[in-house]
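The block underneath contains the structure these notes are about, expressed in structure tokens.
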Amino acid sequence: MSGFQINLNPLKEPLGFIKVLEWIASIFAFATCGGFKGQTEIQVNCPPAVTENKTVTATFGYPFRLNEASFQPPPGVNICDVNWKDYVLIGDYSSSAQFYVTFAVFVFLYCIAALLLYVGYTSLYLDSRKLPMIDFVVTLVATFLWLVSTSAWAKALTDIKIATGHNIIDELPPCKKKAVLCYFGSVTSMGSLNVSVIFGFLNMILWGGNAWFVYKETSLHSPSNTSAPHSQGGIPPPTGI
């Protein structure tokens, strides 16, 4: 095995440069999703006893197990004789969110390993038949998994927006009582989650585009010359092929 020797030339080629972009894009993908925290608020009053609106809040975030996010009234305040902590949001979207974030983290780690191979063991990578082929297979699989994970997460995000939006009023049992008046207040902006979906599809495009440059390094595109002479007296292969 060749020793470690830094060679930055691969980073100037599409193979290495796109890998750097993939590494950066994977960071944005899992950071914008995994770091999200938000809350949704409703305004409640129960005339004629209480005419002033009181705020009840449900806090949620990654991994978006909404069915564990209970409503919380202000400390020490009894709102309409309802134990709001017994009521939660609807839905569990942890599987889609965790699949997306976990895959993005694995991609991040793979990009580091690949860049280390490109830059530190350039000759080993170029002279090997197995390493470029493994890289090519991983690239194809990653492209497909980016499509699957991002599509699943995009669908889950749509459902999260519905579950934390105006539909809360229709689903909360206390709000169905005639003596309790509920109004939707607000919900935290989910712009960063929208960005995570965008970066998911951007990653898919990057990996799909890079598949061609990885393929060019494999023996499928440039098969080794098996007809080379095994001795100095051998007949050289014809040129121009």
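Below, the figures for the structure above:
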{"read-out": "Residue within region 86-93 that is free of Cβ contacts under 8 Å to residues at least 40 places away in the same chain and closer than 13 Å to Thr164 by Cβ present", "value": "yes"}
{"read-out": "Complete set of residues in region 45-85 that are under 30 Å from the mean Cα position of the chain (by Cα) and farther than 25 Å from Gly35 by Cα", "value": "none"}
{"read-out": "Looking only at region 11-65, and only at residues there that are touching a strand residue (DSSP E or B) at 6+ places or on another chain (Cβ under 8 Å) and of a type in the set (D, E, K, R), the one that is nearest to Thr164 (Cα to Cα)", "value": "Glu41"}
{"read-out": "Filtered residues of region 121-136 (kept if part of a helix (DSSP H, G or I) and either touching a Ser or Thr at 6+ places or on another chain (Cβ under 6 Å) or under 27 Å from Leu66 (Cα atoms) (or both))", "value": "Ser123, Leu124, Pro132, Met133, Phe136"}
{"read-out": "Leading residue by the ranking (modelled with the lowest pLDDT) among those in region 129-161 that are closer than 17 Å to Ile18 by Cα and open to solvent by less than 40 Å² (accessible area, probe 1.4 Å)", "value": "Pro132"}
{"read-out": "Residue in region 64-74 that is farthest from Lys177 (Cα to Cα), counting only those that are surrounded by fewer than 19 Cβ atoms within 10 Å (Cβ to Cβ) and at pLDDT 90 or above", "value": "Arg65"}
{"read-out": "Per-region count, region 75-120, residues in contact with a Ser or Thr (Cβ under 6 Å, 6 or more places away or on another chain), open to solvent by 40 Å² or more (accessible area, probe 1.4 Å) and of a type outside the set (Lys, Arg)", "value": "3"}
{"read-out": "Candidates Asn53, Asn45 - the one that is assigned to a strand (DSSP E or B), open to solvent by less than 50 Å² (accessible area, probe 1.4 Å) and touching a residue at least 60 places away in the same chain (Cβ under 8 Å)", "value": "Asn45"}
{"read-out": "Residue among Gly185, Gly208, Gly200 that alone is surrounded by 16 or more Cβ atoms within 10 Å (Cβ to Cβ), within 30 Å of Asn83 (Cα to Cα) and at pLDDT 90 or above", "value": "Gly185"}
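Let's see how each residue does on (1) in a helix (DSSP H, G or I); (2) touching a residue at least 24 places away in the same chain (Cβ under 8 Å):
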| position | (1), (2) |
| --- | --- |
| Ala142 | yes, yes |
| Ala152 | yes, yes |
| Lys178 | no, no |
| Gly185 | no, yes |
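The values are calculated or read from the model by the stated rules, or taken from the named source; none is laboratory data. Keep in mind that what you see is a predicted model, and the values were worked out from it rather than measured. Methodologically, a virtual Cβ is constructed for each residue, glycine included, from the backbone with ideal geometry; neighbour enumeration extends over all protein chains shown. Surface areas here come from the heavy atoms of the whole protein model, side chains and all, with no ligands, DNA or RNA. Shrake-Rupley method; radii C 1.70, N 1.55, O 1.52, S 1.80 Å.
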